[in-house]
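First, the structure itself, so that you have it in front of you.
Where a number appears in this text, it was derived from the coordinates with a stated rule and is not lab data. All values derive from a computational prediction rather than experimental measurement. Cβ: placed from backbone, ideal geometry, glycine included. Neighbour counts: every protein chain shown.
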């Protein structure tokens, strides 16, 4: 019987070191369409803050769990805490963004 592969666990050693991982939910078509609509509406956002906030909202909604740590090696709050995204580095945000819609079978 078919089973949708809606969530996936991603090795995040690239940004958090060996043994780290993040679980993400795949966005649905309506999520992508809404993000595109907001992006079009935000085109006049000179500073980019609205676009950034909308992007972070999309990441928050699709990042389920992780075993990530802060600069001192202490566990970060889980992604269900919206404030934890303010503690992520630019590399960690980029990593999540790239893996949000990544098609693992397309990588070779």
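For residue 4 and residue 93 in one chain, what is 0.36 nm times their gap in residues minus the Cα-Cα distance, to one decimal in nm? The partial results should precede the final answer.
On the way: separation 89, 0.36 × 89 = 32.04 nm, distance 2.61 nm.
Gain in length upon complete extension: 29.4 nm.
Sort 87-93, 19-25, 62-68 by packing, meaning the average of other beta carbons within 10 Å per residue, with the highest value first.
Values: 87-93: 14.0, 19-25: 16.0, 62-68: 18.3.
Most protected by this proxy first, the peptides run 62-68, 19-25, 87-93.
Length gain on complete extension for the stretch residue 28 to residue 61, per 0.36 nm per residue less the alpha carbon to alpha carbon distance?
Values: separation 33, 0.36 × 33 = 11.88 nm, distance 1.15 nm.
Between residue 28 and residue 61, full extension yields 10.7 nm more.
Using R₀ = 30 Å, calculate the FRET efficiency as 1/(1 + (r/R₀)^6) where r is the Cβ-Cβ separation of residue 20 and residue 51; round to 0.05.
Numbers: r = 28 Å, r/R0 = 0.93.
Between residue 20 and residue 51 the formula returns 0.60.
Moving to a separate point now. To two decimal places, what compactness ratio does the chain give when its Cα radius of gyration is scaled by 2.2 N^0.38 Å? If you can, show how the numbers build up before the last one.
Working: Rg = 14.8 Å, N = 108, 2.2 N^0.38 = 13.0 Å.
The value comes to 1.14.
How far is it, in nm, from the label point at residue 80 to the one at residue 11 when both lie 7 Å from their Cα along the line to the Cβ?
Simple spin-label model gives 2.9 nm for this pair.
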